[in-house]
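> Just passing along the structure, written as structure tokens.
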Amino acid sequence: MDRIKNINKFEAEFNKLYKRFDAEIATADERNAFAEMHYKYIKRFDNLEMSLEAKELLYNNPKAFMNYTNGVGSSVGWFNSFLKWIIPKFVRNKMFGVDITPGSDLHDVEYSLVIIFKSLASGVSFKNRADRAFKRNMDYLIKEDKGLDFFDHLRFAKSKLYLCGVGNFGNASFWSNKKKPKV
């Protein structure tokens, strides 16, 4: 699987081209480069599970999709912000050497989508589906990794811990930009 090595550098180049493309002043070469980068960004999420809303955003508005992503960890609340400040991104986004950023980026998007739920139960159901998809995506990335299989049992155990973490402590992040339906 062809993964983007340095996502920060890729996003900076993509945003630079996007500004020219959006302002309709891009040359033909820049338009082609933008299309290739968009395709490469979409390929980053190949075989990973996501909702239809997230897939639509990825294909139709990759810039907005990128704005929702932040790797592993929430920025909601002072404690989460402190943890993100203390623990470097390259440590948070790896699970014993396996980069799980694509899975966590999809999870970020699922949590950040502004969806109006008809009931509290439908919102909770959407969150639970997003959490389970996050776990399956992490497991897929672990299985697809070409590194040492020696640590896989630890990686799978840690992915279960992540599922427990987002399941038990992710409510504030999930509901932070959504209106809770009246019961």
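> Taking a threshold of 30 Å on the Cα-Cα distance, which of the pairs K16/K94; K16/K179; K16/K43; K9/K146 fall above it? Provide the component values of the computation, followed by the final result.
Values: K16/K94 27 Å; K16/K179 34 Å; K16/K43 20 Å; K9/K146 23 Å.
Distance filter (> 30 Å) returns K16/K179.
> Continuing with the same structure: Find how much the distance from K9 to K63 grows on full extension, using 0.36 nm per residue of separation minus their present alpha carbon separation; answer in nm with one decimal. Present the calculation step by step, with values, prior to reporting the outcome.
Details: separation 54, 0.36 × 54 = 19.44 nm, distance 1.44 nm.
Full-extension gain reported as 18.0 nm.
> May I pose another question? Give me the number: length gained by fully extending F169 to F150, i.e. 0.36 nm times residue separation minus the C-alpha to C-alpha distance, one decimal in nm. List each step's numbers first, then the result.
Details: separation 19, 0.36 × 19 = 6.84 nm, distance 2.99 nm.
In short, 3.8 nm is gained.
> At q = 0.22 Å⁻¹, what log₁₀ I(q)/I(0) does segment 142-183 have when each alpha carbon counts as one equal point scatterer in the Debye sum?
Relative scattering, expressed as log10 I(q)/I(0), comes to -0.76.
Values in this text are rule-based calculations from the coordinates and carry no lab data. In this text, all values refer to a predicted model and were calculated from it rather than measured experimentally.
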